[in-house]
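Encoded as structure tokens, the structure appears first; notes follow it.
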Amino acid sequence: MAAVDADLNLLLALRALLEEENVTRAGARLGLGQSTMSSALSRLRTQFEDELLVRVGRDYELTPLARQLLPQVQLTLPLVAQALGQDEPFAPESTVRTFRIHLSDYAAIELRPLFALAEAVAPGIRFDFLRLPVDPADSERELLASDFVVLPPGVGLDTESIELLRDEYVVIADRGNPAVVDGEISLKAFLASPHIRCDFGRAHLTQVERRMHELDAFPKVRVTTSTLLSVPLIVAGTNLMGVVPRRLVARNAAVTGTVAVPTPFPTVELILRLWWNAARVHGAGHTWLRELAARSVANGLLRP
């Protein structure tokens, strides 16, 4: 069993080195000194017959082979470690673990209280915010290499999750948009207006877009963006309008001069859930962040 433990420790060192791209940070993450980590890197270089990390100025960069290895190591190592009843040590007060989370820019802003609380408890942790998978059907596979994805229900995910927050969709328009009358907009004016749409990728339809499709309501899209946070800035001073979460408008109204208008069809609720792959359920660090998120919801930290 000692040989297995040694090989697993070397794999843990490999992942830390590839993810941190730095010998010192990788050592701190595993609770190892720089000399021990340098020795591990030397062994890995010999084993793979590749430098893996090359110094560029004061920093390191991954070699092409290392870039190929990283997702494979991220995918397989948690499964191997858990099968052997081992996992990377995790103590919140001293960890330098990186959590990889797929989410929209809107979700990143709204979940700031959770991330701030996590950093207060574990000051050395890092968050790597990744774009949402191009196809929601890919999310479950992505969760083997990442920690979490933040998405609404109904996108085909069949894995564990908890609810994080709720919002509702509204029409966003410039305060001077003539299509808005007495704080409302008719369905006819809504469909006749030029629209802005946030495109998260192939097959991504938001809950409100699905509802509009059911109602045969297809706005005239004139502008497409990949970030929700850019929508208020683009709409400001134009006749464009879009359908976005209410909180997004509220956060930007004073600066952009935009307003939130009720949709000209029944209100659509936005629900965001934190999803993860069941293969990660026993990881100590992963469990800690999941439980912190659940407590944050229960204590009202993420409420409107």
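The values are calculated or read from the model by the stated rules, or taken from the named source; none is laboratory data. The shown structure was predicted, so the numbers you read here are calculated from the model rather than taken from an experiment. Counting neighbours? That spans all protein chains shown, and the Cβs are built from the backbone with ideal geometry, glycine included. Each accessible area value is taken on the protein alone, full model and side chains, heavy atoms only, with ligands, DNA and RNA left out. Shrake-Rupley method; radii C 1.70, N 1.55, O 1.52, S 1.80 Å.
For segment 17-33, backbone phi angles converted through the Karplus equation (6.51, -1.76, 1.60; θ = phi - 60°) give residue-by-residue couplings of 5, 6, 6, 7, 6, 6, 5, 5, 5, 4, x, 4, 4, 9, x, 10, x Hz, Gly and Pro being listed as x. Taking amide hydrogens as placed 1.01 Å from N in the peptide plane, the amide H of C198 sits under 5 Å from those of T225, each at least 5 positions away in sequence or on another chain. Taking max minus min of the alpha-carbon positions on each principal axis, segment 215-254 gives extents of 33, 20, 19 Å, largest first. Report, for the chain, the % of DSSP beta bridges that are antiparallel, rounded to 5. Expressed as a percentage, antiparallel bridges in the chain total about 65. In terms of Cα atoms, the Rg and Dmax of segment 181-292 work out to 17.4, 54 Å. Taking the Cα centre of segment 143-203 as reference, the dipole from Cβ charges on Lys and Arg (+1) and Asp and Glu (-1) amounts to some 340 debye. Surface analysis of segment 224-304 yields an accessible area of 43 Å² per residue, using protein heavy atoms and a 1.4 Å probe. Packing around the peptides 24-35, 8-19, taken as the average count of other Cβ atoms within 10 Å per residue, puts them in this order, highest first: 8-19, 24-35.
A rounded overall shape is assigned to segment 5-77, the ratio a/c of its alpha-carbon gyration tensor axes (a ≥ b ≥ c) being less than 1.5. Using just the alpha carbons, could you tell me how many Å³ per residue the convex hull of the chain encloses? Spread over its residues, the Cα hull of the chain gives 155 Å³ apiece.
Here the accessible area of the chain is 53 percent carbon and sulfur, with a 1.4 angstrom probe and all protein chains present. The residue list V181, G300, A16 was ranked by how far each Cα lies along the charge dipole of the chain toward its positive end, using unit charges on Cβ atoms, and V181 comes out on top.
Across segment 153-162, coupling constants 3J(HN,Hα) worked out from phi with the 6.51/-1.76/1.60 Karplus curve, θ = phi - 60°, read x, x, 10, x, 6, 10, 8, 7, 6, 9 Hz, and Gly and Pro carry x. Under 5 Å between amide hydrogens, built in the peptide plane, is the criterion, and for V221 it picks out H195 among residues at least 5 positions away or on other chains.
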